[in-house]
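Some notes on the structure that comes next.
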């Protein structure tokens with residue numbers, strides 16, 4: 001099956017909580033959906049986030065100019081002396097997951113923007129191509145989008161406020177433009193470190209070619225320090241480990 005293209009991100013309209021104010025931020029390849037609690041929202045947050053995203057992109061692009069293989073490597077890399085914090089976070093997560101550093105870029109951007117918003121907002125969510133930073137004062141449900149799987153929008157992962165701030169990152173071999181060597185419909189990782197969640201989601205999804213490989217994905221994730229839980233889906237089968245509370249959306 002060819003990879004299904006969901007780059008228009010129409011799924012975002014289904015994920016918005018009524019108590020949050022949302023806005024989108026797009027700069028070149030970066031396309032983020034950002035939500036903050038309505039009490040904290042002001043129009044000044046949009047240029048604040050735009051400025052931060054521009055800074056992050058420039059920092060990363062400057063470093064890639066110094067070490068071009070940072071962009072293309074599919075395995076962990078040793079960084080050059082004086083590498084910026086952004087690159088160090090990505091490289092550290094990639095080393096733990098056994099993938100290239102760019103596997104953690106979306107989650108790293110989400111976390112950086114989320115932490116910026118935490119200085120002026122009570123609650124926030126930053127979603128970057130399925131890689132989410134969440135800081136909430138109330139219980140939330142994150143719907144699972146798994147492309148052609150029968151589980152798409154039928155289940156969600158419950159997130160309790162004491163778990164946040166938290167990363168919830170998804171990788172797929174059948175949905176979207178991101179590089180994957182597997183055929184998973186969705187692999188979702190929970191971790192406090194969003195960079196780590198992003199990198200491990202990629203590594204675990206790479207292992208899933210058939211339903212029989214779901215346990216391989218779980219075994220990889222459960223042996224990486226810092227991973228709180230994993231949900232892996234292929235066709236009409238799913239497997240989960242750790243702090244993953246799955247709830248039904250169809251019964252609502």
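Bear in mind these aren't lab numbers, they're just calculated from the coordinates by the rules spelled out. Worth saying up front: this structure is predicted, and the values here are computed from it rather than measured. We place every Cβ from the backbone using ideal geometry, glycine too, and count neighbours over all the protein chains shown.
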Legend entry - Ellipticity estimate at 222 nm from DSSP helix runs (n ≥ 4, -39,500 (n - 2.57)) divided over the chain, nearest 500: -9000 deg cm²/dmol
Legend entry - region 122-229 - Rg and Dmax from Cα coordinates, angstrom: 13.3, 43
Legend entry - Segments 81-87, 107-113, 136-142 sorted - mean Cβ within 10 Å per residue, highest first: 107-113, 136-142, 81-87
Inset, instruction - State the label only: which of [x] 28; [y] 32; [z] 52 corresponds to percent of Cα pairs over 28 Å apart computed from the shown model? - result: [x]
Legend entry - Chain lengthening between residue 42 and residue 78 when straightened (0.36 nm per residue, less Cα-Cα): 8.8 nm
Inset, instruction - Sort all Cα-Cα distances of region 66-144 into consecutive 10 angstrom bins from zero, then give the percent of pairs in each bin up to the one containing the longest distance. - result: 18, 41, 28, 12, 1
Inset, instruction - Just grab the label-to-label distance for residue 222 and residue 85, each label 7 Å out from Cα along the Cβ direction, in nm (one decimal). - result: 3.5 nm
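On full extension of the chain, what length is gained from residue 237 through residue 160, given 0.36 nm per residue of separation minus the C-alpha to C-alpha distance?
25.2 nm
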Inset, instruction - Would you kindly state how much longer the chain becomes between residue 64 and residue 50 on full extension, computed as 0.36 nm times their sequence separation minus their alpha carbon distance, in nm to one decimal? - result: 2.9 nm
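From the C-alpha gyration tensor of region 78-117, pull out the three semi-axes of the equivalent ellipsoid (sqrt of 5λ each), sorted largest to smallest, in whole Å.
Its equivalent ellipsoid spans semi-axes of 18, 13, 6 Å.
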